[in-house]
Amino acid sequence: MATYLVTGGAGFIGSHLVEELLRRGETVRVADNFSTGLRANVPEGVEVFEGDIADEAFAARAVAGCDYVLHQAAIPSVPRSVAEPITTNRANVDGTLAVLVAARDAGVRRVVFAGSSSVYGNSAVLPKREDMRPNPLTPYALQKLVAEQYCQMFTRLYGLETVTTRYFNVFGPRQQPGSPYSGVISLFIDALANRRQPTIHGDGRQTRDFTYVGDVVRGVLAACTAPDVAGEVFNVAVGGRISLLELYGTLQRIFDVEIEPVFGPPREGDVRDSQADIARAREKLGFEPQMSFEDGLRATVDWYRSTTAGVPR
Ligand code: UD1
């Protein structure tokens with residue numbers, strides 16, 4: 001058994017990692033500033049370090065004594081990074097650098113970093129493979145790219161084992177709809193549950209490789225223990241491509257309602273199509289997505305109905 005630090009452990013993806021690690025009998029610690037994470041997401045008995053992960057002294061305290069660090073803390077929004085490039089850079093780049101320095105100094109066995117499919121931008125070729133040339137279109141995408149390159153550099157320069165898992169539009173229970181920067185699935189569910197019209201930015205024909213959070217958890221934990229992958233980058237996704245119109249149609253069926261969406265202008269810096277090639281994760285991590293899109297949506301809707309606007313009752 002080992003000790004794991006989950007940065008951003010009170011957030012959406014982080015809290016699912018915490019839950020699964022506890023289920024496996026591991027010792028878990030959470031570092032979070034509760035800017036978007038919720039205390040209610042952290043199970044009883046988990047040690048919580050509250051603070052700013054970009055603060056070197058705080059990062060060092062949180063990392064000390066840990067075997068593995070799952071670095072999930074971030075401000076995870078493309079449009080928010082367009083509005084606030086400096087604040088998001090501090091969280092997403094400085095935060096990662098502080099974690100890497102702390103992990104190097106503490107002799108951590110491996111850091112797994114939450115990367116993003118946004119680094120691919122609008123490259124013409126689909127599906128997107130890890131060795132394609134990145135083309136960041138927004139501060140968020142560039143921040144995630146710089147952070148993963150810092151990870152690789154720390155492996156080469158200092159021998160610290162790092163692995164980047166590039167996420168593609170993750171959804172599931174505990175994704176909060178409370179902000180205009182929230183993920184599209186949480187916003188659409190919130191709208192339909194309250195019989196409101198959601199807004200579709202653009203024509204709705206843009207596509208995403210929507211991935212259920214439980215599949216992401218298995219990918220990240222595999223990246224933590226797989227042999228001979230230090231310094232590598234893996235797409236962790238389904239390998240599919242679903243348009244917003246299809247997503248919205250499926251949700252209307254699940255809610256058994258018909259509500260016309262409002263079509264607004266396309267979002268600045270929006271990627272048109274996103275689909276992962278997951279061959280590398282399959283081969284080296286033994287990763288296989290398990291949840292079907294519709295079952296994942298149903299599980300997410302069930303969770304939403306058990307909460308008040310996404311916040312646990
Ligand atoms: C991006 C990244 C993803 C990253 C995530 C962090 C890509 C392909 N994906 O997701 O890797 O982890 O940010 O948040 O870059 N939309 C609407 N109506 C809404 C909200 C969104 O139509 O109310 C549209 C957006 O314009 C976009 C799609 O839905 O086309 C998905 O948006 P969002 O959920 O914000 O995620 P991405 O920006 O794709």
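Here are the numbers for this structure:
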| quantity | calculated |
| --- | --- |
| FRET efficiency, 1/(1 + (r/R0)^6) with R0 30 Å, evaluated for Gln252 and Leu22 via beta carbons | 0.25 |
| Value of relative contact order over segment 213-313, rounded to a whole percent, pairs C-alpha under 8 Å and six or more apart | 41 percent |
| 3J(HN,Hα) from dihedral phi, segment 144-155, Karplus parametrisation 6.51/-1.76/1.60, rounded to Hz, x for glycine, proline | 5, 5, 4, 5, 6, 6, 4, 4, 5, 5, 5, 5 |
| Chymotrypsin sites (Phe, Trp or Tyr not before Pro) restricted to DSSP loop in segment 1-50 with at most 14 other C-beta within 10 Å | Phe34 |
| Cα-based Rg / Dmax (Å) for the chain | 18.4, 56 |
| Positive-end extreme of charge dipole, the chain - chosen from Ala114, Val238, Ala83 (charges on Cβ) | Val238 |
| Of the trypsin sites (Lys or Arg not before Pro) in segment 132-200, those whose Cβ has at most 14 other Cβ within 10 Å and which sit in DSSP loop | Arg195, Arg196 |
| The chain: angle of helix 244-255 to the longest principal axis, Cα-based, in degrees nearest 10 | 80 degrees |
| Where N is the number of residues in segment 90-135, Cα Rg divided by 2.2 N^0.38 Å | 1.52 |
| For Gly115, residues with placed amide H under 5 Å, excluding near neighbours | Thr165, Arg166, Tyr167 |
| Net dipole in debye of segment 68-123 [+1 Lys, Arg Cβ; -1 Asp, Glu Cβ; about Cα centre; nearest 20] | 160 debye |
| Angle between the chain longest axis and helix 213-225 axis [Cα atoms, degrees, rounded to 10] | 20 degrees |
| Within the chain, longest stretch free of exposed GluC sites (Glu not before Pro) [DSSP loop, at most 12 other beta carbons within 10 Å] | 45-257 |
| Rh by Kirkwood over Cα pairs, then Stokes-Einstein D for segment 1-152 at 0.890 mPa s and 25 °C, µm²/s | 156 µm²/s |
| Hydrodynamic radius by Kirkwood, which averages 1/r over all alpha carbon pairs of segment 204-303, in angstrom | 15.4 Å |
| Two-decimal log10 I(q)/I(0) for segment 60-133, as the Debye equation yields it once each C-alpha is a single scatterer, q = 0.13, 0.15 Å⁻¹ | -0.51, -0.65 |
| Crossing angle, helix 293-305 versus the chain [Cα axis fit, 0-90 degrees, rounded to tens] | 90 degrees |
| Gyration tensor verdict on segment 114-262 (Cα atoms; rounded if a/c is under 1.5, prolate if a/b is larger than b/c, oblate otherwise) | prolate |
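Just so you know, all these numbers are worked out from the coordinates, no wet-lab data involved. This one's a predicted model, so the numbers in the text were calculated from it and none came from an experiment. Virtual Cβ from ideal backbone geometry, glycine too; neighbours counted across all protein chains shown.
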